[in-house]
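Chemist: If you scroll down you'll find the structure; I have some questions about it.
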Amino acid sequence: MKINKNIVFSIFFFILFLFILIFVVTGNSRWFDSFIYQALHSFRSDVLDQYFIFITKLANTMVIVIVVLLFLCIMRNRYGLYLLASAVDGVIITTLVKVLVRRIRPDELRLITQGGYSFPSGHSMMSICVYGYLLYLVITKLKNRYLKILVSIILILVILSIGVSRIYVGVHYASDVVSGYCLGLAYLFFLIYVINKVNVHGG
């Protein structure tokens, strides 16, 4: 039986997430986290501070709610509901993992105030669940080639910048961000698998 490629990608990223989780729990990620944390902060400037403080807000709860509601109002179809499901599931999954792992956030060099636990980065996961889902729609649904390329590049930059911003503003370690991306991708590819299945059987 042929295994769906989206399921393969979902399993791959979930396994990668588990490996990172093991490294974090056993303390083997400290050297990597410390190196990236210090390296990024060495580039701090007033301009970059303002840029990353702005960028990190793109995955704040209120902004995500606004993006989802706007998309629901514009699309008014099942793809809007899938985005809503992706955002809600992303919050639930991230919250559960944070509570289970209970990793304390970095407490030095912070530019913003942030409560809760550190692992995984909820902003990184939500960037995949929301902006990554929108990227999937752009790639698969948008007809204009040049507009597709432009919007895809913008969304990719937003997703990557959000992850970097969480380390830059001092509220996450690099392993938190990478794990958030991996968990988000594992979920997103599974969601795409479900969407494709519904489209085939539901018309």
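Chemist: Only one of VAL97, VAL169 is crowded, with 16+ Cβ neighbours inside 10 Å and farther than 30 Å from VAL47 by Cα. Can you tell me which?
Modeler: Answer to the selection: VAL97.
Chemist: For segment 1-31, what are the residues that are exposed (fewer than 15 other Cβ atoms within 10 Å of the Cβ) and assigned to a helix (DSSP H, G or I)?
Modeler: LYS5, ILE7, VAL8, ILE11, PHE12, ILE15, LEU18, PHE19, ILE22, VAL25, ARG30, TRP31 - these are the residues of segment 1-31 that are exposed (fewer than 15 other Cβ atoms within 10 Å of the Cβ) and assigned to a helix (DSSP H, G or I).
Chemist: Tell me, yes or no, whether segment 44-53 has at least one residue that is within 22 Å of ILE159 (Cβ to Cβ), modelled with pLDDT under 95 and among the small types (Gly, Ala, Ser).
Modeler: no
Chemist: Name the single residue that is nearest to HIS172 (Cα to Cα) among those in segment 38-56 being within 19 Å of the chain's Cα centre (by Cα) and surrounded by 15 or more Cβ atoms within 10 Å (Cβ to Cβ).
Modeler: The extreme case among them is THR56.
The values are calculated or read from the model by the stated rules, or taken from the named source; none is laboratory data. Being a predicted model, the structure only gives us computed values, none of them experimental. Note that we place each Cβ from the backbone using ideal geometry, even for glycine, and neighbour counts take in every protein chain shown.
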